[in-house]
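Notes follow the structure.
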Amino acid sequence: MRYLKLMAVLLTAGFIIVSCGGKDDLTPEPEPVPGPVTDSASVSDIPVLPAHELRGVWVATVSGLDWPQGEYSESEQKSLYISFLNLFKSLNINAVFFQVRPDADAFYKSEYEPWSKYITGTADKDPGYDVLKFLVDETHSKGMQFHAWINPYRIASRSGASASFPALDSRIPSAWIKDYNKVRVYNPALPQVRDRIAAIVKDLVTRYDVDGIHMDDYFYPSLQSGESMNDEAEYAEYGSAFSTMADFRRSNVSIMVQKVQNAIITTRPEVIFTISPQGNYNNNYNTQYIDVPQCCSNRWIDAVIPQLYWSTSAKTDYFTPRLDWWASNVSDTPLMIGYGIYRFGSGSDGFSYSGELQTEFNLASSKSNVVGGILYRAKNLVDNKLNINSIIRGEYKNKALPPYLGRTTAQAPGKPSGIVVHGSTLSWQEVEGSSRYAVYKDNGNKKKATLIGVSSTNSYVLSGNGVYFVTALSETNAESGYSDLVAYSVY
């Protein structure tokens, strides 16, 4: 008969053994055969908690790019998304930015806009299941955040002025739209439009357990050469306080952003609000008419994610100076970097080898206000051209918790107490105000610990010898101090 010996070592002498099962958010390795608890002693290590880092990936649905890729059956769609999540989890990605509203449509039943045609192939056709609930629940079951990515103004696209736009849905008033050569948009100058966008966000965060609302870089449309914005009438009606048309347009976008933030704060204040502007600041300010530094200085958003889709090794290195610019112009708003992994293996200048991504990661890590990065986009992770995933896997070797992005000083829960090991199950007392617990492996006195998992209950199944401890997490990832340390060994 095989015998196992288990030793539990606590900082405090004398303890009560409890057994408490539960399902972990991040599934540990197979459970070893439990053995008896023997004695206790003190552990004097002072561990260092690893930094929180958001590691995200964009999932684009416009034209079915990433999902559902023309697959219109429920089973095929679910299978495809689960395969994405399994890949993301294997890369230690901890957040999904999923496009739930690409063209004034919805990946859920909405009173404001139709079901997206990208789900079934037909606009406003009910797919027969709650798509967004499935997406959110499945993402959370893998221990990842779900950020609902919306395009604020775009309604439809066409190939040119001679082509026709699709029929306008009856829920969208025709007086609220603007048509241009290649795009139809909600008119950003209208107060009714700003209220509509805020109402859509309020509805979304009320009905679905999303962790964030995310906007991309489509604000005022980028027009073709010689094309006019054609908003003189709106300027005459609403712009008397502004000396220039450009300032009027920027104010319209700023008001929309503030209304969206207010809708979030008054409904579910824990939801994160992020914007991903173009990497070129001049384009944002003078073409899309969003003043991103103003949004940051006023903390109208919780994090900014510029799209730095250039190479450091191209003929002209735009990545490095623009990274420097963003790191210096976002005030105290947390900064994340949008990485254009879609360029690798595409023939784009400077993207002929995967080591370029490592260079970009290293440059971003040198900025003290960078708290994460988002990869564009999911299918490029699947395609894995130039073995780009090897760089990502190396950079994200250890798991990481997403950062706290709250609007006030973090209110962390109290630290867990009563930590014990029984068999191979680590357990502790529940902490009031905690939604999850982070389980760490200690690597020695004053050394950085390793996050091994996150549990939604007050227990976790250990899979290897070591010294372990636990912290409590709030719903917004504010983290408590660490518990006593307990040693676990199997002989």
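The values are calculated or read from the model by the stated rules, or taken from the named source; none is laboratory data. These numbers come from a predicted model, not from an experiment. Counting neighbours? That spans all protein chains shown, and the Cβs are built from the backbone with ideal geometry, glycine included.
So which of Glu395, Glu475 ends up being acidic (Asp, Glu) and at pLDDT below 95? Lay out the reasoning, then the answer.
Details: Glu395 fails: at pLDDT below 95.
None of the others qualify; the one that does is Glu475.
Checked against the criterion of being surrounded by fewer than 18 Cβ atoms within 10 Å (Cβ to Cβ) and either acidic (Asp, Glu) or touching a helix residue (DSSP H, G or I) at 6+ places or on another chain (Cβ under 6 Å) (or both), segment 417-426 contains not a single residue that satisfies it. Just so you know, in segment 473-489 the residues that are crowded, with 20+ Cβ neighbours inside 10 Å and of a type in the set (Asp, Glu) include one that is farthest from Ile265 (Cα to Cα), and it is Asp484. Against the criterion of being free of Cβ contacts under 8 Å to residues at least 12 places away in the same chain, over 18 Å from Ile305 (Cα atoms) and in the same structural domain as Asn94 (by TED's automatic domain parsing), Asn362 does not qualify.
Residues in segment 410-452 that are of a type in the set (Lys, Arg) and either farther than 12 Å from Tyr482 by Cα or modelled with pLDDT under 95 (or both): Arg436, Lys446, Lys447, Lys448.
Restricting attention to segment 431-488, the residues that are within 21 Å of Ala410 (Cα to Cα) and of a type in the set (Gly, Ala, Ser) add up to 12. Among the residues making up segment 204-257, a single one is of a type in the set (Gly, Ala, Ser) and within 15 Å of Ile150 (Cα to Cα): Gly212.
Looking at Ser455, Ser463, which is the one that is modelled with pLDDT under 95 and among the small types (Gly, Ala, Ser)? Working first, answer last.
Values: Ser455 fails: modelled with pLDDT under 95.
Sole residue among the options that is modelled with pLDDT under 95 and among the small types (Gly, Ala, Ser): Ser463.
Hey, could you check segment 200-228 for residues that are among the hydroxyl-bearing types (Ser, Thr, Tyr) and out of contact with any helix residue (DSSP H, G or I) (no Cβ under 8 Å at 6 or more places or on another chain) and say which is surrounded by the most Cβ atoms within 10 Å (Cβ to Cβ)?
My answer is Thr206.
At least 1 residues being more than 26 Å from the chain's Cα centre (by Cα) and hydroxyl-bearing (Ser, Thr, Tyr) is the threshold, and among the strands (runs of 3 or more DSSP E) wholly inside segment 424-491 those reaching it are 425-427, 459-461, 466-473, 486-488. You will find that of Ala438, Ala487, Ala478, the residue that is outside the structural domain of Ser90 (by TED's automatic domain parsing) and in contact with an Asp or Glu (Cβ under 8 Å, 6 or more places away or on another chain) is Ala438 and no other.
For every residue, the table says whether it meets (1) basic (Lys, Arg); (2) surrounded by fewer than 17 Cβ atoms within 10 Å (Cβ to Cβ).
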position: Ala60; (1), (2): no, no
position: Ser79; (1), (2): no, yes
position: Asp105; (1), (2): no, no
position: Lys109; (1), (2): yes, yes
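When segment 151-187 is filtered for residues that are outside any loop (DSSP other than H, G, I, E, B) and surrounded by fewer than 13 Cβ atoms within 10 Å (Cβ to Cβ), the ones remaining, listed by number, are Ser174, Ala175. For segment 370-380, the criterion of being hydrophobic (A, V, I, L, M, F, W, C), under 30 Å from Gly64 (Cβ atoms) and in contact with a helix residue (DSSP H, G or I) (Cβ under 8 Å, 6 or more places away or on another chain) is satisfied by at least one residue. In this structure, does Ala412 turn out to be assigned to a loop (DSSP other than H, G, I, E, B), of a type in the set (A, V, I, L, M, F, W, C), under 25 Å from Ala303 (Cβ atoms) and touching a His at 6+ places or on another chain (Cβ under 7 Å)? No; evaluated as a whole, the condition is false for this residue.
Do we find that Ile197 is in a helix (DSSP H, G or I), modelled with pLDDT of 95 or more and either buried (at least 22 other Cβ atoms within 10 Å of the Cβ) or of a type in the set (Val, Ile, Thr) (or both) in this structure? I'd like the intermediate steps shown before the answer.
Details: in a helix (DSSP H, G or I): yes; modelled with pLDDT of 95 or more: yes; either buried (at least 22 other Cβ atoms within 10 Å of the Cβ) or of a type in the set (Val, Ile, Thr) (or both): yes.
The answer is yes for Ile197.
Have a look at Gly394, Gly464 and point out the one that is touching a helix residue (DSSP H, G or I) at 6+ places or on another chain (Cβ under 9 Å) and surrounded by fewer than 16 Cβ atoms within 10 Å (Cβ to Cβ). Working first, answer last.
Numbers: Gly464 fails: touching a helix residue (DSSP H, G or I) at 6+ places or on another chain (Cβ under 9 Å).
Among Gly394, Gly464, only Gly394 is touching a helix residue (DSSP H, G or I) at 6+ places or on another chain (Cβ under 9 Å) and surrounded by fewer than 16 Cβ atoms within 10 Å (Cβ to Cβ).
Just for helices (runs of 4 or more DSSP H) wholly inside segment 292-373: which have at least 3 residues that are within 17 Å of Gln278 (Cα to Cα)?
In segment 292-373, the matching helices (runs of 4 or more DSSP H) lie at 292-297, 319-328.
Got a number for residues in segment 292-346 being among the aliphatic types (A, V, I, L, M) and under 25 Å from Ile255 (Cβ atoms)?
Start the filter on segment 292-346 by keeping residues that are among the aliphatic types (A, V, I, L, M), which leaves 292, 301, 303-305, 308, 314, 323, 327, 330, 335-337, 341.
Of the ones still in play, those that are also under 25 Å from Ile255 (Cβ atoms) are 292, 301, 303-305, 330, 335-336.
Summing the residues that are among the aliphatic types (A, V, I, L, M) and under 25 Å from Ile255 (Cβ atoms) in segment 292-346 gives 8.
Could you list, in sequence order, all residues of segment 229-250 that are part of a helix (DSSP H, G or I) and surrounded by 19 or more Cβ atoms within 10 Å (Cβ to Cβ)?
First, the residues of segment 229-250 that are part of a helix (DSSP H, G or I): 232-238, 245-250.
Glu234, Phe248, Arg249, Arg250 - these are the residues of segment 229-250 that are part of a helix (DSSP H, G or I) and surrounded by 19 or more Cβ atoms within 10 Å (Cβ to Cβ).
Checked against (1) under 30 Å from Ser141 (Cβ atoms); (2) at pLDDT below 95; (3) not hydrophobic (A, V, I, L, M, F, W, C), Ser162 passes all but a single condition, namely (1). Contact map, segment 165-183: first residue within 14 Å of Arg196 (Cα to Cα), second residue exposed (fewer than 15 other Cβ atoms within 10 Å of the Cβ) and modelled with pLDDT of 95 or more, Cβ cut-off under 8 Å, separation 6 or more or different chains; pairs are Arg171/Glu111; Pro173/Gln192; Trp176/Gln192. Select from segment 265-293 the residues that are surrounded by fewer than 22 Cβ atoms within 10 Å (Cβ to Cβ) and over 28 Å from Glu227 (Cα atoms) and list them in ascending order. Once the filter is applied, which keeps residues that are surrounded by fewer than 22 Cβ atoms within 10 Å (Cβ to Cβ) and over 28 Å from Glu227 (Cα atoms), segment 265-293 yields Ile265, Thr266, Thr267, Arg268, Pro269, Glu270.
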